[in-house]
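The values are calculated or read from the model by the stated rules, or taken from the named source; none is laboratory data. If you're wondering where the values come from, they're calculated on a predicted model, not measured in any experiment. All Cβ positions, even for glycine, are placed from backbone atoms using ideal geometry, and neighbour counts span all protein chains on display. Heads up: the accessible areas ignore ligands, DNA and RNA and are worked out on the full protein's heavy atoms, side chains in. Shrake-Rupley method; radii C 1.70, N 1.55, O 1.52, S 1.80 Å.
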Amino acid sequence: MSEYNFAYLDEQTKRMIRRAILKGLAVPGYQVPFASREMPMPYGWGTGGVQVSAATLTPEDTFKVIDQGADDTTNAVSIRKFFENTAGVAVTEETEKATVIQTRHRIPEAELTEDQILVYQVPIPEPLRFLEPRETETRKMHSLEEYGLMHVKLYEDISQHGDIATSYAYPVMVQDRYVMDPSPIPKFDNPKLEMSAIQLFGAGREQRIYAVPPHTKVVSLDFEDYPFEATKADHACDLCGAENSYLDEVILDDAGNRMFVCSDTDYCRSRRAAGHVGRLGTEDAA
Amino acid sequence: MTPLLQVKGIEKHYGARIGCKDVSFDLYPGEVMGIVGESGSGKSTLLNCLAGHLDSDAGQVIFDTRADGPVDTLQMSEPERRMLGRTDWAFVHQHARDGLRMSVSAGGNIGERLMAVGDRHYGDIRDKAIDWLGRVEIAESRVDDRPTAFSGGMQQRLQIARNLVTGPRLVFMDEPTGGLDVSVQARLLDLLRGLVREMGLSAIIVTHDLAVVRLLADRLMVMKDGHVVEAGLTDQVLDDPQHAYTQLLVSSVLQV
Ligand SMILES: Nc1ncnc2c1ncn2[C@@H]1O[C@H](COP(=O)(O)OP(=O)(O)O)[C@@H](O)[C@H]1O
Ligand SMILES: [Mg+2]
Ligand SMILES: [Zn+2]
């Protein structure tokens, strides 16, 4: 590991990324271009998030990585190992103990604090891309606040599905100014975007960083007659009994039996450790 | 009465070549101005300069704005001009696909301008979209279809609906019937004439087809090599052309 600088990237690169992060924090929701570096992993693995984490981590930090809410997927394990090796930082699976959390597709259920930083891996940062592929034009739309097109997308959703069917990467208006793609988190997580922690978003292939500072106003776009709803499966967690956590559906057998479990595995584990039991849970499941 | 639009000395070059030069005219509210001339005479260049899609080399395009009265739109900031472009102005392109979002339903296409100016009630937007489909003679049942599934004539009618839904005060049209079959052209012309009368539209229509201006335009400008060679009331110009070029045009020697 001595052949790497702390957290893999050289100091000059980290300074460049930090400048982009600071600019992002100063202009909440604005996509700041940055010179994305090659990382020793494929783009699909969240190289944008990894670069933001690399520029954010200090030796005193405790690092956690979640992928769809789980700490133990190949992707999460690899990124955690990467920083264990290159930065020698402490790692954890417990949300409360982490100071920097890199995430793909979820916001943890536990309320984050002002002492924490949440780093999102972003595949496509441009929320207007769906209807306007021209980058010059979308940039202009952002700078002039021409966001009618965003509602055209929601209009199309309702006209095709009878409801706003967008359930991931649901667009938000940040601090009454920039429309932002919150990355492919479920819309259930959207209300949590107004939080105490710092939120940083990194898109590697697209070379963009954006940010939401603590306590920033974040509003999910909608229509008066089709208001935004933070929906989830209408069940409780079958393991820990949680009523208000985002659930994954798990097929149990060929007979079609299934169960619902918290997608946030640390949240489920800590609830079970505290004695909560769901429909299929057992006391010693934890 | 204050003209809705005062055009003064508009000029545009493409390198050494003249796009259009010394073009001046006034357009009054409710008036339709036709611009005719053979292919390459500078009609589209002029229209795009007026609409702010092309930067003019010289001249003024003074529009009587709702808020501040007459303002030179060429001196407006880009945000102001773009705002004008989706509120009081509308632009109908010759090729519908340049003026439509082909991956968005007919209803979404019509609704876009409404949403752009802040409409946030889905039911209202949809009702207005359906109403406008009817006004351009497209069945309500097509509201969720994409324009890719429409014929050329329907696409053009949809483009017109999408532009007129916010009640613009000035409409620019570039060869709105170009590229359509003759029978389809006739239907579109009838429709346009109806809308122009009913809404009291002010419009500038570019065409190489004299039948179009005969039906729609109150006044006419004839262009040749980037210059206006003759202007006047439509019937007067067409029935008693003064300039030799206009005489050729009317005698259909130059008809494309
Ligand atoms: N983008 C361009 N670059 C160079 N020359 C152009 C361009 N567009 C038009 N022109 C030239 O300007 C003249 C006027 O063209 P245009 O305005 O398209 O005429 P019209 O619409 O009457 O057919 C023509 O000579 C044409 O070749
Ligand atoms: Mg032309
Ligand atoms: Zn659970």
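Every residue, every condition in (1) under 25 Å from the mean Cα position of the chain (by Cα); (2) modelled with pLDDT of 95 or more; (3) away from chain B (no Cβ under 12 Å), yes or no:
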{"position": "A:Q121", "(1), (2), (3)": "yes, yes, yes"}
{"position": "A:P125", "(1), (2), (3)": "yes, yes, yes"}
{"position": "A:L131", "(1), (2), (3)": "yes, no, no"}
{"position": "A:T136", "(1), (2), (3)": "no, no, yes"}
{"position": "A:K140", "(1), (2), (3)": "no, no, no"}
{"position": "A:E145", "(1), (2), (3)": "yes, no, no"}
{"position": "A:G148", "(1), (2), (3)": "no, no, no"}
{"position": "A:K153", "(1), (2), (3)": "yes, no, no"}
Restricting to the stretch B:61-88, what's the tally of residues that are within 14 Å of chain A (Cβ to nearest Cβ) and either more than 29 Å from B:L133 (Cα to Cα) or aromatic (F, W, Y) (or both)? 5
Restricting attention to the stretch B:162-204, and to residues there that are away from ligand 1 (no atom under 16 Å from the Cβ) and among the polar types (S, T, N, Q), which single residue is nearest to B:L50 (Cα to Cα)? B:S202
What's the number of the only condition in (1) of a type in the set (D, E); (2) within 28 Å of B:P70 (Cα to Cα); (3) surrounded by fewer than 20 Cβ atoms within 10 Å (Cβ to Cβ) that B:D209 fails to meet? (2)
Would you confirm, using the coordinates I've provided, whether B:Q94 is of a type outside the set (D, E, K, R) and within 16 Å of ligand 1 (Cβ to nearest atom)? yes
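Hey, could you check the stretch B:32-55 for residues that are of a type outside the set (A, V, I, L, M) and open to solvent by 30 Å² or more (accessible area, probe 1.4 Å) and say which is farthest from ligand 2 (Cβ to nearest atom)? Working first, answer last.
Kept after step one, since they are of a type outside the set (A, V, I, L, M), are these residues of the stretch B:32-55: B:34, B:37-45, B:48-49, B:52-53, B:55.
Applying the additional criterion that residues be open to solvent by 30 Å² or more (accessible area, probe 1.4 Å) yields B:38-40, B:44, B:48, B:53, B:55.
On the way: B:E38: 10, B:S39: 7, B:G40: 8, B:S44: 3, B:N48: 9, B:H53: 12, B:D55: 18 Å.
Within the stretch B:32-55, the match that is farthest from ligand 2 (Cβ to nearest atom) is B:D55.
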Applying the selection to the stretch B:114-166, what residues are within 14 Å of chain A (Cβ to nearest Cβ), among the acidic types (D, E) and not in a loop (DSSP other than H, G, I, E, B)? B:D124, B:D127, B:E140
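Within the stretch B:36-68, can you find the residues that are in a loop (DSSP other than H, G, I, E, B) and out of contact with any helix residue (DSSP H, G or I) (no Cβ under 6 Å at 6 or more places or on another chain)? Working first, answer last.
Initially, the stretch B:36-68 is screened for residues in a loop (DSSP other than H, G, I, E, B), giving B:37-42, B:52-57, B:66-68.
The answer is B:E38, B:S39, B:G40, B:S41, B:G42, B:H53, B:D55, B:D57, B:R66, B:A67, B:D68.
What are the residues in the stretch B:126-156 that are closer than 14 Å to B:Q94 by Cβ and either of a type in the set (K, R) or in contact with an Asp or Glu (Cβ under 9 Å, 6 or more places away or on another chain) (or both), if any?
Quick first cut of the stretch B:126-156, residues closer than 14 Å to B:Q94 by Cβ only: B:152-153, B:155-156.
Residues satisfying the conditions are B:G152, B:G153.
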Those residues of the stretch A:68-98 which are in a helix (DSSP H, G or I), open to solvent by less than 20 Å² (accessible area, probe 1.4 Å) and more than 20 Å from A:S263 (Cβ to Cβ), in sequence order: A:F83, A:T86, A:A87
Expected output for the stretch A:233-257 (first residue in a loop (DSSP other than H, G, I, E, B), partner of a type in the set (F, W, Y), Cβ below 7 Å, 6+ apart or cross-chain) is A:A233/A:F260; A:H235/A:F260; A:C237/A:F260; A:D238/A:F260; A:S245/A:Y267; A:Y246/A:F188
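Is there a residue being assigned to a loop (DSSP other than H, G, I, E, B), away from every other protein chain (no Cβ under 12 Å), farther than 30 Å from B:V143 by Cα and out of contact with any Asp or Glu (no Cβ under 6 Å at 6 or more places or on another chain) anywhere in the stretch A:99-106? Quick ask: steps written out before the conclusion?
Of all residues in the stretch A:99-106, those assigned to a loop (DSSP other than H, G, I, E, B) come to A:99, A:105-106.
Filter once more, so that each one left must be away from every other protein chain (no Cβ under 12 Å): A:99, A:105-106.
Those still in the list that are farther than 30 Å from B:V143 by Cα too: A:99, A:105-106.
Subset that is out of contact with any Asp or Glu (no Cβ under 6 Å at 6 or more places or on another chain): A:105-106.
Looking for residues that are assigned to a loop (DSSP other than H, G, I, E, B), away from every other protein chain (no Cβ under 12 Å), farther than 30 Å from B:V143 by Cα and out of contact with any Asp or Glu (no Cβ under 6 Å at 6 or more places or on another chain), one finds at least one in the stretch A:99-106, hence yes.
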Is it the case that some residue within the stretch B:71-81 is in contact (Cβ under 8 Å) with a residue 40 or more places away in the chain, buried (at least 16 other Cβ atoms within 10 Å of the Cβ) and of a type outside the set (A, V, I, L, M, F, W, C)? no
Could you please find all residues in the stretch A:224-271 being within 16 Å of A:A110 (Cβ to Cβ), aromatic (F, W, Y) and open to solvent by 50 Å² or more (accessible area, probe 1.4 Å)? A:Y267
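How many residues, within the stretch B:110-144, are on the phi > 0 side of the Ramachandran plot and either open to solvent by less than 40 Å² (accessible area, probe 1.4 Å) or without any contact (Cβ under 8 Å) to a residue 12 or more places away in the chain (or both)?
Taking the stretch B:110-144 first, the residues on the phi > 0 side of the Ramachandran plot are B:118, B:137.
The next check asks that each one be either open to solvent by less than 40 Å² (accessible area, probe 1.4 Å) or without any contact (Cβ under 8 Å) to a residue 12 or more places away in the chain (or both); those that pass are B:118.
Number of matching residues: 1.
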Selection status of A:E114, more than 22 Å from B:H121 (Cα to Cα), open to solvent by 10 Å² or more (accessible area, probe 1.4 Å) and free of Cβ contacts under 8 Å to residues at least 24 places away in the same chain: no
Residues of the stretch B:212-230 that turn out to be more than 16 Å from ligand 1 (Cβ to nearest atom), touching a residue at least 60 places away in the same chain (Cβ under 8 Å) and either within 14 Å of chain A (Cβ to nearest Cβ) or open to solvent by 20 Å² or more (accessible area, probe 1.4 Å) (or both), as a count: 2
When only residues in the stretch B:89-109 that are facing chain A (nearest Cβ under 10 Å) and open to solvent by less than 10 Å² (accessible area, probe 1.4 Å) count, which is farthest from A:G162 (Cα to Cα)? B:N109
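Could you tell me whether A:E156 is open to solvent by 20 Å² or more (accessible area, probe 1.4 Å) and in the same structural domain as A:R177 (by TED's automatic domain parsing)?
Working: open to solvent by 20 Å² or more (accessible area, probe 1.4 Å): no; in the same structural domain as A:R177 (by TED's automatic domain parsing): yes.
Here the answer is no, as A:E156 does not meet what is asked.
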For the stretch A:160-176, the count of residues that are farther than 16 Å from A:Y226 by Cβ, in a loop (DSSP other than H, G, I, E, B) and away from chain B (no Cβ under 14 Å) equals 2
Flag for B:G179 being within 16 Å of ligand 2 (Cβ to nearest atom), more than 14 Å from chain A (Cβ to nearest Cβ) and surrounded by fewer than 16 Cβ atoms within 10 Å (Cβ to Cβ): yes
Name the one entry in A:K14, A:K23 that is more than 26 Å from A:K192 (Cβ to Cβ) and in a helix (DSSP H, G or I). A:K14
